[in-house]
Structure formats: structure tokens, C-alpha cells
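Encoded as C-alpha cells, the structure appears first; notes follow it.
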DNA sequence: GATGAATGAGGGTTCATTCAT
DNA sequence: TATGAATGAACCCTCATTCAT
């Protein structure tokens, strides 16, 4: 009865807290890295007590991984957009997929990607998840696309079809450059993507 | 004469210890990252007392940076080999430079590179050094080479000349892939380099 | 009901621990001085873990200052007794105030005073507190008293009214002497106080 | 022969170094106190190597004590000036002795005195020396003087003759006040001395 | 479940002291 | 005797984790 008066049920409250903790963890981990992030700060930012964090997540590592999964989920969903359209150049499909990513390099999303690159080496399980849930799915979509492109003669080099890493290279390079050197020597991420795609795919005049 | 009998003078011993500490630091930092590396372990590995580490390096950060500089020096030296040869394709000059790097991806040198990528974000001074001593020199050599290549019509796209990052992309992507996913899905680093160069430079038949 | 059964609530326990730490800190700081006191020993004496000390006090300095304030508080309260009584000689009022202090020179309270004199120079904030909370209040009471005494002709020299330090001098000298030389050459603190007051105030026969 | 060319013999050099170390120690100990003073800084200030300090003084405590003795020596010598002059008031003799001390309260000499008061409690041997070499000699001179004064009727109270601490009180109080509170509430040290002497000795008109 | 006081192992850093040169 | 590199015990402080309320 009293429960009706509260806008959220207990489960809903728990879910809300869980999300708040994950969101706070994201900010703190991005800002400080795994080792330098204090659970205390995450709790404070989430507006809960320190102990509550441990009620929701076994330990610091699990919190990190849970946060990672939560953050990466939207990207997983976007991968499904990568489908060949009969009337489109494969390059255009891919470019349409990558362009928003490039624009996010300088946003918090880019920070997250940098974080995973930085910490991934020390979190095999995170790398597993990252590979299993993102890359293998992404490459599972890319490879057929690239094979079609190869068949259509859109590729400069047939080897590209088996090396989808080359498609993502401008994103990876851009993300790292931004994190390490942007303040010293800015890089035009869009140009980087465009030139790379120009090189991987044959020009329009040839197509 | 007595001095001849002792293999090392005091300063030489100090230098030797300094090197031992740097070498030990390299191993430990690569294995554990900055935060999780204990000075105690570095000291033990170097065969000195903990205090000795602080006698040689102000604090943990300085030790890390000194180690970084020491390790990167050989690479700095190698950059000078990047000179155009009148009778060689620019691609060949660049490929000759990059191929050894690719082969080092799976060696301790690669570990170091991964370490710098991981920790560089939290060590602006390290990034400064890395950019100032390595990248700006490397790009300072690459850009003229690429402009020559552009003039000779060796480039697929003239924009490459202003984006030397695309030349290094296979190394960067390879290093990261190795650190994150090699055990899950191996990547043929040589092929990655070859295909990328095939795409950036026009084929022989065209040249 | 259950709450009634437990003698201490959580906050009460925390308060009790806080007090225990302050009491332990007092003993240790008095015995060893600031620099030579180990937080570990304070914790042990207080019956808590080392971390608990830092849970209650930011750092060693704050612990010292908090202890100082806690210990000095009773003295602050006593100052209010320093009020003129119409039918009493000012000297008697002051003597009644100082005599208990003299008797405490050889007790832990005296140790604390010695400690503050020793460490005050290196703790400006402690000196500030000591001056602001104790001396300025004490002198604020003493000066009117002494002016009344001057008006009544009780003072040997009117200048005393503006130098209340002379009233406290026997205490200060006694405290220092006790700490430094008592074992070598004992000093009769009561006599010191009496003779000083005899000299500052005119004799009864004269009054 | 070559020795003739050097201006100082070996012993003289050693003496010079010894003095340099003592002088440096004085400055550092006064500035930082015993615990916070680093032998390294003393050595640097003295222009010698750290090891040299330990060649001249067994350990840090001995260095402190040696410095103390060296610094106090001039004061010991001054005590001999305290002799009764037939045609002078005892008060004048004493005042002539104390006035220069009062004027030194705000000088490095005063810092030294403060240092000894601060650290004396933790250095029984220093207190011993201070008492044996300074105070007992000083009081040995003062007491006869005061007895003469008592016999001459110069004293307000015969008890003063057995409490020479009251003579020194303005100095002690002044030194402490300066160290602890001068910046908060300045004290007129000369006035303090004058009023105290005015109170201890009978006025001129009576004498 | 939520809380936050308590824990205590851990690690960076300091510095008096030693000793080979 | 002078040097200063090396030592290592000591100690402050951090912070993930626990658990009584």
C-alpha cells in the first residue's frame, strides 16, 4: 500500500541504483583509469554508500567489467546496421557506419574506447568480451560486405577482404592519437578516414 | 694499477646499477603496468636494495620515464635510416623500415610499445617525449619521402603525404591486436602491413 | 527495545573510539613529541587498528591539533572563574586561579603544557589556537582585573596592568624548569608563584 | 714543503671543517628542529659530503649537542661580568647584564634559545649541560648579588634572593612569546624586563 | 538491502648510518 | 681523512573489503 505511494518498486529502485553506480564508475574509470579509481569516489558520485557498491558488484574488477559491458552495448546494437544495400557502394555502407564513430572520437565515447584499449591488456576477460561481443560481430558483418566488394571490383586489393582490421584502423589510430597527442599535434580524423577508404576502395571513376 | 685490477670504478658501478634498475623496471612495468608495479620488486630484480632505486630515481614516475627514454632510444636512432634512395621505390624504403618493427610486435619491444600506449594517457610527459623524440622525427622523415612519392606518382592518393599516421597504422593496429586479442584470434601482422602498403602505394605494374 | 539493550549505538561507539584515540595520542605525543610518535603506537594504545586513526583524523598533524584542542578545553572553561569580587583583593582572585595550575605542573597536565611549548613553534595553527582560545581570553579577563587593582592601589607598578604575561610568568617558568631541570635542581613552584605575586602586588600592610 | 704552500695545515683544515659543520648544524636545527633536520642538508650547507659529518660527529645527537655547546660558550663567558660593583645598585648590574639579552630575543641568538627550550626535554644531556654550564654558573653569580641586595634593602622581598629564576623570567617569557605569538600579538620585551625589575627591586626613592 | 565505521595488508618514500674507494 | 653510493628499517598513509547495525 505504502509501496504504491512510492513511484518506484524496490526492484526498480535497485535497478536505478545499479545504473547510477555504473554511470559513476564510467566517469571515474575514464578519468583516472582502473587502478587510480577509488570505490569511494564512485559511491559518492552515484550518491550511495561505499558498501552499497559491494552489494551490487562483487569487487572492483567486476564493477569495471560490468560498466564496460553496459557501455559497449549500444555499439553492439549499431553493428546490425552494417548490411549490404543492392544499390549502394559497399564503401558507402561502411563509411556511413564509421563516420559517426569518427565524430565521437573527441567525445566521452572516445574516452571509453581509449579506456578499454588502455586497460584491456590487464583484463583478459574484458578483452574476451570486447572481442566476442563487438569485434567478432563487427567482422562477421564486415567480411561478407568486403567479399561482395571484392567480387564487384570495388576493392583495391582482394587481401582487404580478410583483413577487416584495416577498415577500423583509422578509428583506432584516431582514438589513440587523440588521447596521446591531440594537444600537441591535432589530427583531422575525418580526413584520416576518408583517405584510408580512398586507398582501400577503388575510385568512383574506376567503379 | 690497483684501479686496473678492479673491473669497475665507483662511477662505473653506479652506471651499471642504474642500468640494472632500468632493465628491471622495464620487465616489471611491462608485466604489471605502472600502478601495479612494486618498487620492491624492481629492486629485487635489479639486485639492489629498495633505497637504491630512490637513490637513482626521484620517484616511481621518474623511474618510469627514465626507463621509457632508455628503451625508446634505439628506435630513435633507427629513424635516421629513413632516407630516400634515388634508385629505390619510396615504398621499398618505408617497407624496409617497417618490416623489422612488425617482426618485433610479438617480442618484448612490442610489449614496451603496448605499455606506452596504455600508460601514455596518464603520463603527459611521457606522451610529450614520445611525440617529440619519436613521432615528430619519424614524421619529419616520412613526409618528405611521401612527397617525393607523390611527385613520382607512387601514391594512390596525394592526401597520404600529409597523413603519415596511415603508414604507421598497421604497426599500431598490430601492436594493439597482439596485446588484446592475439590469443583469441591471431592476426598476420606482415600481411596487414603488406596489404596496407599495397593500398597506399600504386602497384608495380602501374608505377 | 533492542536498542536499549545495546549500551552504545554506532555513533556512540564512534565517539568513544574518537575519544580513545585522542587520549592515546595525548599520552604518546607527551612521551615522545610529535615527530617521534608513531601512529601505530597511538592506535595500539587506543585499542584500534591503524587505519581507524586515519578514519577519524585526516593525518598526524590534525590528530595532534585535535588532541591539543580537546586537552585545552577544560582550561578554557576555567578562565571564566576569573571575575573580580568586591570584597576580595584582586591578588586573591588571581592567586586562587593560579594555585591549582601550579599544583598541576608536575602532573600530566603540565606535560601537556610543556608539549605545546615545545611543538608550538612548529605548529603555527596550534599557536594560533592556543593564543586565540586561551591566552586572549585569559588576558581579556586579567587586564580588567589588573586595572581595578591598579585603581585600588593594589599594584606595585601600574605597568603590570598592561603586561599580564608577568602574572603567568611563574607558571611558564615553573613548567619549563620542571621539564628541563627538576631532576637536577628541584624548584619550589608554589614559592615561585608566591614571591612573584608578593612583588607584583603591594603587601597587605600597605593595602 | 707543499704543505707550506697551503695556507692551512691538516689540523687547521679539520678544525675549519668542524666549525663549518657546527655552523651549518646551528642554522638547520634552528630552522627545522632536531627531528626534521637532515644530515644531508647540514652537510650541503657546510660544503662537505654527508660522510664527513659522521667523521666529525658520532651521530645526529652528538652533532646537536656539540653544536649546542659551541653556541652557548659565548654566553657562559658573559656570565663573569656579573660582579657586584660597590658603587652600583645591584639592580643596575643585573639590568646591564639582561638588557643585551632582551635585545637578542628577536635575533638568531633568541632562536637558539628557543631551540634549546624546545628540544631540551628530549635531550637530558643537553639539559644537564645547559644547567651545569650556564644556569648553575649564572645562579652562582646571581645569588650572592641578590643576597647583597637583600642586605642593602634593595629587594622588595627577601625570598627573591633564593629564586633567581624570577630574574630570568622576563627573558624566558619573552623568548617563548616571541617564538609562539609575536606575529599575533607583539610583546614589548624591554618593558617586560623593566616592569619585572621594578617589581623585584625597591624603587629609587626608597633605595 | 543499505550503511559507513573499522580493518590491516600493502607500498611509496625518507633518511641516519655504513663502508668501499 | 673525505667521499657519496648503498643500505634497509621505519613510518605515514591508502583503500579494497568486511560486517554489525
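The values are calculated or read from the model by the stated rules, or taken from the named source; none is laboratory data. Small disclaimer: the values here were computed from a predicted structure and weren't measured. Heads up, the Cβs are rebuilt from the backbone with ideal geometry, glycines too, and the neighbour counts pull from every protein chain shown.
Structure summary
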item	result
Residues that are closer than 15 Å to residue A:18 by Cβ and under 22 Å from the mean Cα position of the chain (by Cα), drawn from the range A:35-56	A:42
Residues satisfying the stated conditions in the range C:106-125, i.e. within 12 Å of chain D (Cβ to nearest Cβ) and under 18 Å from residue C:27 (Cα atoms)	C:110, C:111, C:113, C:114, C:115, C:116, C:117, C:118, C:119, C:120
Total residues in the range C:34-45, condition within 11 Å of DNA strand F (Cβ to nearest atom) and surrounded by 16 or more Cβ atoms within 10 Å (Cβ to Cβ)	6
Checklist (1) within 18 Å of residue A:196 (Cβ to Cβ); (2) modelled with pLDDT under 95 applied to residue B:132, failing item	(1)
Scan of the range B:161-192 for residues that are under 22 Å from residue B:135 (Cβ atoms), touching a residue at least 24 places away in the same chain (Cβ under 8 Å) and more than 7 Å from chain A (Cβ to nearest Cβ), ordered by number	B:164, B:167, B:168, B:170, B:171, B:174, B:175, B:178, B:189
Within the range B:135-160, tally of residues that are at the interface with chain A (Cβ under 10 Å from one of its Cβ atoms) and assigned to a helix (DSSP H, G or I)	6
Options A:16, A:24: the member that is within 14 Å of DNA strand E (Cβ to nearest atom), outside the structural domain of residue A:109 (by TED's automatic domain parsing) and at pLDDT 95 or above	A:24
Selection status of residue A:48, outside any helix (DSSP H, G or I) and within 16 Å of DNA strand F (Cβ to nearest atom)	yes
Extreme residue, nearest to the other protein chains (Cβ to nearest Cβ), among residues of the range A:51-60 that are crowded, with 16+ Cβ neighbours inside 10 Å and either within 8 Å of DNA strand E (Cβ to nearest atom) or in a helix (DSSP H, G or I) (or both)	A:60
Among the candidates D:83, D:102, residue that is away from DNA strand F (no atom under 12 Å from the Cβ), more than 14 Å from chain C (Cβ to nearest Cβ) and under 23 Å from residue D:141 (Cα atoms)	D:83
Unique match (being within 12 Å of DNA strand E (Cβ to nearest atom) and either more than 25 Å from residue A:130 (Cβ to Cβ) or free of Cβ contacts under 8 Å to residues at least 40 places away in the same chain (or both)) among A:46, A:85, A:31	A:46
Boolean, residue B:12 is farther than 29 Å from residue B:120 by Cβ and either away from every other protein chain (no Cβ under 14 Å) or away from DNA strand F (no atom under 11 Å from the Cβ) (or both)	yes
Matching entry among D:101, D:63 (being within 14 Å of residue D:29 (Cα to Cα) and not in a loop (DSSP other than H, G, I, E, B))	D:63
Residues located in the range A:34-43, provided they are within 13 Å of DNA strand E (Cβ to nearest atom) and within 13 Å of another protein chain (Cβ to nearest Cβ)	A:35, A:36, A:38, A:40
Only listed residue being out of contact with any strand residue (DSSP E or B) (no Cβ under 8 Å at 6 or more places or on another chain) and at pLDDT 95 or above, chosen from D:174, D:203, D:120	D:174
Odd one out for residue C:82, checked against (1) assigned to a loop (DSSP other than H, G, I, E, B); (2) touching a helix residue (DSSP H, G or I) at 6+ places or on another chain (Cβ under 6 Å); (3) farther than 30 Å from residue C:151 by Cβ	(3)
